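In what follows, a structure is listed as structure tokens, so that the remarks can point back to it.
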Amino acid sequence: MNLPLKYLSNLPAETEQIAEEFGSMVSCGDFILLKGRLGAGKTKFVSGMVKYFCHANDSGNIVTSPTFSLMNRYFCGRDKSNKETIIDHFDFYRLKNVYDLENSGFFDSLSSDSITIAEWGDKIDFDYTNIIKNYYFEVSITVKDADSKFTEENLYREIIIEKK
Ligand SMILES: Nc1ncnc2c1ncn2[C@@H]1O[C@H](COP(=O)(O)OP(=O)(O)O)[C@@H](O)[C@H]1O
Ligand SMILES: [Mg+2]
């Protein structure tokens, strides 16, 4: 697949499906930054990725935003190359300072073989990209309105996936 990729999603299940497809491009040591307003579907996207890596039928019940703990860890078993896959899912919406960041395990995760995913990673105001072990992907989810009426049913998502 060639990057950047651009998708339209009309349903939460479509966002999950797009994330599952993207999962096949991701490997251990990669970092994925998720951008988008509250309710854009960032956590839904993570849920699709966990579904892909953990071979779960319905990850909807297990993937929730780690808003208070800052990080949720998913042990996904072995991947194609028999490597143990761990997904570290961060949400920095409530991040207060660099001590919280340090304590969250973010730096450890980035420099490890885990797949690191961060919602609101753009709230971190210094450059951590040099410790990313493998590739750095950015996923931007934008809520759009199909027409000017702007009800929830008229909203769809544009999802852009880039490699930094
Ligand atoms: N196309 C879509 N993709 C993802 N979520 C959608 C979509 N359409 C509606 N939704 C709803 O929007 C919400 C997204 O929630 P969530 O994934 O927690 O967002 P975020 O983590 O960005 O705050 C869910 O309630 C979901 O059902
Ligand atoms: Mg979220």
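Compared with the dominant principal axis of the Cα atoms in the chain, helix 12-23 is inclined by about 40°.
Straight-line reach from Lys83: taking Cα to Cα under 13 Å and skipping same-chain neighbours fewer than 8 places apart, the aspartates and glutamates in range are Asp113. Angle of helix 42-54 to the longest C-alpha principal axis of the chain, folded into 0 to 90 degrees and rounded to 10: 60°. Subtracting the Cα-Cα distance of Lys144 and Ile160 from 0.36 nm times their residue separation leaves 4.5 nm of extension gain. For the chain, the solvent-accessible area works out to 53 Å² per residue, with a probe of 1.4 Å and every protein chain left in place. The calculated pair-distance distribution of the chain uses every alpha carbon pair, bins of 10 angstrom beginning at 0, and gives 10, 41, 36, 11, 2, 0 percent. Straight-line reach from Lys6: which lysines fall under 29 Å, measuring Cα to Cα and dropping same-chain residues less than 8 apart? Of all the lysines, those that pass the test against Lys6 - Cα under 29 Å, at least 8 places apart if same chain - are Lys35, Lys42, Lys44, Lys51, Lys80, Lys123, Lys133, Lys144, Lys149, Lys163, Lys164. Modelled this way, with points 7 Å down the Cα-to-C-beta line, the labels at Ala56 and Gln17 are 2.0 nm from one another. Placing Tyr128, Tyr99, Tyr93 in order of accessible area, with the largest value first and a 1.4 Å probe, yields Tyr99, Tyr93, Tyr128.
Label-to-label distance, Tyr93 versus Phe126, with points set 7 angstrom from Cα along the beta-carbon direction: 2.6 nm.
For region 1-123, the carbon plus sulfur part of the accessible surface works out to 50%, probe radius 1.4 Å.
Overall, region 99-150 carries a charge dipole of about 200 debye about its Cα centre when +1 sits on the Cβ of Lys and Arg and -1 on the Cβ of Asp and Glu, all other atoms neutral.
The values are calculated or read from the model by the stated rules, or taken from the named source; none is laboratory data. Since we're looking at a predicted model, the values are computed, not measured. Note that each Cβ is placed from the backbone with ideal geometry, even for glycine, and that neighbours are counted across all protein chains shown. In case anyone asks, the SASA skips ligands and DNA or RNA and just uses the protein heavy atoms, side chains included. Shrake-Rupley method; radii C 1.70, N 1.55, O 1.52, S 1.80 Å.
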